[in-house]
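Undergrad: One structure, pasted below without further comment.
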Amino acid sequence: MCGIKIFLTVILFFNLDEVGDASGAMFVSSVGSKIYSANINPALLSYLNNNNFGIQYLRIYNLVPQTKIVLNYRNFTIGLSSLGVGNYQEVTLKFGVGLRINNEFSYGLGVKNRFLFLTENLKIFRPAIDLGVVFSPQVISSKQLRLIKFAGLLENLNYLVIKDPNNYLAVKFGLGAHLALNENFILSTEFKKASDKTELNFGTEFKLLPSLALRVGCKTNPVLYSAGLGVNYKRFEFDYCLRYHPRLKETNIFSLSFQF
């Protein structure tokens, strides 16, 4: 039981369920793959060019393993995430749908169920609802077309009215901006706010070749630096990211996806 308490303390302090995610509001992050972002914010589904399936594996601070499986089909997404070590296991199942109102505005709704297995006899079930929006105006400069996206995500919004401390998920709010200066260079930033923390995320992607992209990023609270790359081959995409913490061990993130 002492080991479980220590592990839960680490999770609460470092908010491990977000470490390694693609940016919740935007396409680009140091992880890079769009399909994980679309599962987090279903409003992005209408911007995907193909149906896709992906699997992601990471070991947070080389300590806690996490596996994610995502399927995006048309305007629907389903994702399964498993995180845990020892007697502690956290499994999240999420369904989402995204709808485009016009060429510039879309919204999405996600329903997720989080299962916490603390011991053989202690199991917790916490359902939650997420709401996302994306606004994508097109601004034509004197030289080129620049694609801009603004996005917002409200996570666990049903807990705005649930105040039971024994059955509660933190309500989280995020705003992001994504700017494609040209077809090879992308900048993004994101602000996230929860009841117990505030953080900023930054990311950039540069395509050296049509099939090779380099990415760097950073986030605050906790401070993490990251670098990664993405490789496309026909219908397959491989993404790798290394996240560095100043005091703890690094996190290696591997992602493989297939378009169909």
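Undergrad: Does Arg100 satisfy the condition of being surrounded by fewer than 14 Cβ atoms within 10 Å (Cβ to Cβ) and either in contact with a helix residue (DSSP H, G or I) (Cβ under 9 Å, 6 or more places away or on another chain) or over 16 Å from Ala151 (Cα atoms) (or both)?
TA: It is false that Arg100 is surrounded by fewer than 14 Cβ atoms within 10 Å (Cβ to Cβ) and either in contact with a helix residue (DSSP H, G or I) (Cβ under 9 Å, 6 or more places away or on another chain) or over 16 Å from Ala151 (Cα atoms) (or both).
Undergrad: Going by what's in this entry, would Ala177 be described as among the hydrophobic types (A, V, I, L, M, F, W, C) and either modelled with pLDDT under 80 or outside any strand (DSSP E or B) (or both)?
TA: No: the conditions fail for Ala177.
Undergrad: What number of residues in segment 19-45 are modelled with pLDDT under 80 and within 26 Å of Phe105 (Cα to Cα)?
TA: Residues in segment 19-45 being modelled with pLDDT under 80 and within 26 Å of Phe105 (Cα to Cα): 18 in total.
Undergrad: Mind listing whichever residues of segment 204-256 are touching a strand residue (DSSP E or B) at 6+ places or on another chain (Cβ under 7 Å), among the charged types (D, E, K, R) and surrounded by fewer than 18 Cβ atoms within 10 Å (Cβ to Cβ)?
TA: Lys207, Arg235, Glu250
Undergrad: Go through segment 61-91 residue by residue and tally those that are over 28 Å from Leu45 (Cβ atoms) and aromatic (Phe, Trp, Tyr).
TA: 2
Undergrad: Let me ask something additional. If I filter segment 98-105 for residues that are among the basic types (Lys, Arg), in a strand (DSSP E or B) and at pLDDT below 90, do I get at least one hit?
TA: Among the residues of segment 98-105, not one is among the basic types (Lys, Arg), in a strand (DSSP E or B) and at pLDDT below 90, which makes the answer no.
Undergrad: Can you tell me which residues in segment 223-238 are over 16 Å from the mean Cα position of the chain (by Cα) and under 13 Å from Glu199 (Cα atoms)?
TA: Of everything in segment 223-238, just one residue is over 16 Å from the mean Cα position of the chain (by Cα) and under 13 Å from Glu199 (Cα atoms), namely Val223.
Undergrad: Still on this structure: Take the conditions within 16 Å of the chain's Cα centre (by Cα), at pLDDT below 90 and in a strand (DSSP E or B) and apply them to Gly152. Does it pass?
TA: Answer is yes for this residue.
Undergrad: Going by the structure shown, is Asn113 closer than 23 Å to Val171 by Cβ and in a helix (DSSP H, G or I)?
TA: no
Undergrad: Quickly run through segment 35-49 and pick out the residues that are surrounded by fewer than 23 Cβ atoms within 10 Å (Cβ to Cβ) and either in contact with a helix residue (DSSP H, G or I) (Cβ under 7 Å, 6 or more places away or on another chain) or under 15 Å from Val97 (Cα atoms) (or both).
TA: Ser46, Tyr47, Leu48
Undergrad: Take Tyr88 and tell me if it is more than 13 Å from Gly108 (Cβ to Cβ) and modelled with pLDDT of 85 or more.
TA: Judged against the criteria, Tyr88 is not a match.
The values are calculated or read from the model by the stated rules, or taken from the named source; none is laboratory data. Everything numeric in this text was worked out from a predicted model, so none of it was measured. We place every Cβ from the backbone using ideal geometry, glycine too, and count neighbours over all the protein chains shown.
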